[in-house]
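What follows is calculated from the coordinates using simple rules that are stated; it is not laboratory data. This is a predicted model, so every value here is computed, not measured. When we count neighbours, we look across all protein chains shown, and the Cβ atoms used for this are built from the backbone with ideal geometry, even at glycine.
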Amino acid sequence: MLSVRPYILSDREQVEQICLENAGCKDAKEETKKLCLLIYCTYYLENERENCFVAVDDNGKVVGYILCSENFNNFEKVFLEKYIPQAAMISARRYVDAKFNLLKFGMYRKEYPAHCYVNVALSSQNQGVGGLLLSTLKAQLKKKYVKGLMLVCDADNADQIRFFEQNGFQHLITTRFGLAMAITFDK
């Protein structure tokens, strides 16, 4: 039986492996892996654990996660101070990649202050894991009176887009970073 619970520190390695697997970086160079984790995991796991949830199977194995920042302005401040310099230490190109990552969420910070990443282990996809994770996060954000949530997905991944649409997300804009989608929470 699948269950969703708050992220705990001992989940980190499993979360990172799922992140690398979904990003296609599992067998990449260490520099690429480090940047992938820096952009898509590290900030959330180190700074907003209360907004991170994992889906676990009967054996306690993490099969999916959702990581969230509930306030883009706070995220941006910490990311610029702490994580952008780490990307710059990898390489100038990786510094630029990390800076551009901020742009994809910053455009809509007023209407949708929260943003998230959701990933499910490839072996556990299409089993309702992502929907459970999104439901858990949405309930958390509503309790905190967060106005809206956005995410960016691959603009050419019809299955991914359909999944987010089925979970209440609306299209905002397609850019070179992907398709921005968002959901507003009723007060």
Task: Under Karplus coefficients 6.51, -1.76 and 1.60, residue-wise ³J(HN,Hα) of the stretch 11-28 in Hz, glycine/proline x - done: 7, 3, 4, 5, 4, 4, 5, 5, 4, 5, 4, 6, 7, x, 10, 4, 10, 7
Task: Principal axis dimensions, the stretch 3-144 - Cα atoms, whole angstrom, descending - done: 43, 37, 25
Task: Flagged links, alpha-carbon separation over 27 Å, of 110/143; 29/77; 33/99 - done: 29/77
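Loop only per DSSP, at most 13 neighbouring Cβ atoms within 10 Å: give me the chymotrypsin sites (Phe, Trp or Tyr not before Pro) in the stretch 80-187, ordered by residue number. All intermediate terms of the calculation are to be shown ahead of the outcome.
Values: sites: 83, 95, 100, 105, 108, 117, 145, 163, 164, 169, 177, 185; in loops: 108, 145, 169, 177, 185.
Hits after loop and neighbour filter: 145.
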Open item on the list: Suppose the chain between residue 142 and residue 29 were pulled fully straight at 0.36 nm per residue; how much longer would it get relative to their current alpha carbon spacing?
Closed with: 36.7 nm
Task: Nearby aspartates and glutamates by direct alpha-carbon distance to residue 61 (threshold 19 angstrom, same-chain neighbours under 8 apart not counted) - done: 11, 13, 16, 21
Task: Convex hull volume per residue in cubic angstrom - Cα atoms of the stretch 50-112 - done: 119
